[in-house]
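The values are calculated or read from the model by the stated rules, or taken from the named source; none is laboratory data. Just so you know, these numbers come straight off a predicted model, no measurement behind them. As a convention, Cβ positions derive from the backbone with ideal geometry for all residues, glycine included, and neighbour counts pool all protein chains shown. With ligands, DNA and RNA removed, areas are computed over all heavy atoms of the protein, side chains included. Shrake-Rupley method; radii C 1.70, N 1.55, O 1.52, S 1.80 Å.
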Amino acid sequence: MPRAQRASAPQSIGSTAAQLALELPVELPRLAIAPEWKDQQRLWGHSFHPMCSYLASFPAALVHAFIARWSRPGDVVLDPFSGRGTTPLQACAEGRIGVGNDLNPFAYLLTAAKLEPATPAEARTRLTALRLRWASEGPAWLALSLRLLAAPGPGGALVPAAGSLASPTAGVEPVPLEVALAFHPRTFAQLLFVRTVLRIDDRVDRFLAAGLTGILHGKSASYLSEVMPNTFSMARGYVRDYVARTDFHSPERDVFGCLDRKLTRLYRQPLPASTGIALLGDARDAGARARTALRARALPDRARLVVTSPPYLRVVKYGYYNWMRAWLLGEDPVAIDAALDDAHHRTAYLQFMREVLDGLRPVLADDAVVVLVVGDVERDRGRILMGGVGLAEQVWAEAALPTGYRLAGVALDDVAAGRKMTKLWGDEAGRATKLDRILVLGATEAGRRRALSGATLPVDWDWPPRRLRAL
């Protein structure tokens, strides 16, 4: 009997689990998928992808490699851990129906902004309205900004909460000291005004807010503050120490001008060919919620392709590393991290993944293909992490196999240290996630066969397609 069939036979479950418990490698059949996505330019794909940086996101070119092989225009493509929306956005850009789900409200914002975007006319009209309103109300906001800079923190002045001008019951709140230190007083005043006025539940305002998160901080003149890189928010203590040590004073940046230039970059290409669906919630019941949402829009209610990257084992705290963006959106980074499943040990992680895969069943077509990009985690902030290597094999044996999936194979994606988000840990760069294993499953035997038959199909890497190019 071939190795793949032995691995999926019920009688092999016990022996496989025993091997895993002993940390012995379990060899899975390889899929002959060349990692051509590595050969594409860094910003390959739709111009909405770099709306805002996001830790541990995979490139759009990787998603395209599977969309092109295992879906057709009009098919539903789902990502239950959508992050910044790479999978569903690229699916929509290629004429599929992209559905993205995430429990992180910041990730949901980015995904929703890309899948149901504002048109260029809508975005610029709203931005002009904000600029005109600022012209009349700006002096009061600037005075508030100066008071906050004079006495920031819990004991300082209070500001209207995010979105409170649209929802008067939202109240007031203190501003973290590190936020006040990061911006020029006028820039800070404009941010206080904009975050109070924008309504995140409004499609156009949400698009502007998502674009604003992408220019909040970074090391060039296109960002509103240069106190930290754009990839993630430095620790609040670091910001305080850096400002004191270097006598840092942020240059003045006009929020409206910077956001206008950001819109120009985002709209380099036409809007995606189709709109998608963004969901906020737990990945474990994403399947049922996705099907309900698809039916509500009279769309096909079964996904033929899932492309996702489950959270790395004990590596990323999305609230902590995005605390300043969370402040802008009126979200609590501590609450974000408390809600997310990002601190699992191996046993709990595998149980979580089993529940996720089982929960996807209601939305999967009989011949659906499921692609899981699972990163090995050798170290967690320099400490050796037990059970983090060979995680894809463990996900197969203890999560996918017991829930009835069929194994097509695994492809390896060796990741250079300098390209991984773990480079933020200096000398430990790349050690946390040296290798991504791409686990390819069929929802049924029909899905497994479709995965195998499409694995060697050639992929067109011409982007943007001719219909998306400016005439």
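Computed from phi, the 3J(HN,Hα) profile of the stretch 324-336 under the Karplus parametrisation 6.51, -1.76, 1.60 (θ = phi - 60°) reads 6, 5, 4, 4, 4, 8, x, 9, 9, x, 5, 5, 4 Hz, with x in place of Gly and Pro.
Students sometimes get this wrong: rank Thr119, Thr275, Thr111 by accessible area, probe 1.4 Å, all chains present, largest first.
Thr275, Thr119, Thr111
For the stretch 271-320, the solvent-accessible area of protein heavy atoms averages 39 Å² per residue (probe radius 1.4 Å; ligands and nucleic acids excluded).
Using a 1.4 Å probe on the protein chains only, how many percent of the accessible area of the stretch 99-253 belongs to carbon and sulfur? Intermediate values should be presented prior to the final figure.
On the way: 3540 of 6090 Å².
That fraction is 58 percent.
Couplings 3J(HN,Hα) of the stretch 438-446, computed from phi: 9, 8, 10, 10, x, 4, 9, 4, 5 Hz, in residue order, whole Hz [Karplus 6.51 cos²θ - 1.76 cosθ + 1.60, θ = phi - 60°; x for Gly and Pro]. Its Cα centre serving as origin, the stretch 168-222 has a Cβ charge dipole (Lys and Arg +1, Asp and Glu -1) of approximately 180 debye.
Averaged per residue, what accessible surface does the stretch 45-201 expose to a 1.4 Å probe, in Å²?
Working: 4900 Å² over 157 residues.
Accessible area per residue, the stretch 45-201: 31 Å².
For Val77, nonlocal amide neighbours, meaning residues 5 or more places apart or on other chains whose placed amide H falls under 5 Å from its own, are Ile97, Gly98, Val99.
A straight line joining the Cα centroids of the stretch 249-302 and the stretch 189-232 runs 16 Å. Once all protein chains are placed together, Val77 keeps about 0 Å² accessible to a 1.4 angstrom probe.
Normalised by the number of residues in the stretch 32-92, the average gap of Cα pairs under 8 Å and 6 or more apart makes the relative contact order 38 percent.
Rounded to whole numbers, the Karplus 3J(HN,Hα) couplings from phi for the stretch 277-294 are 10, 10, 10, 10, x, 5, 5, 5, 10, 5, x, 5, 5, 5, 5, 4, 5, 5 Hz, using 6.51 cos²θ - 1.76 cosθ + 1.60 with θ = phi - 60°, and x at Gly and Pro. Contact order normalised by length for the stretch 38-177, with contacts defined as Cα pairs under 8 Å and 6 or more residues apart; what percent is it? Answer for the stretch 38-177 is 15 percent.
Note on the stretch 268-339: with neighbouring protein chains present and a 1.4 Å probe, carbon and sulfur make up 56 percent of its accessible heavy-atom surface.
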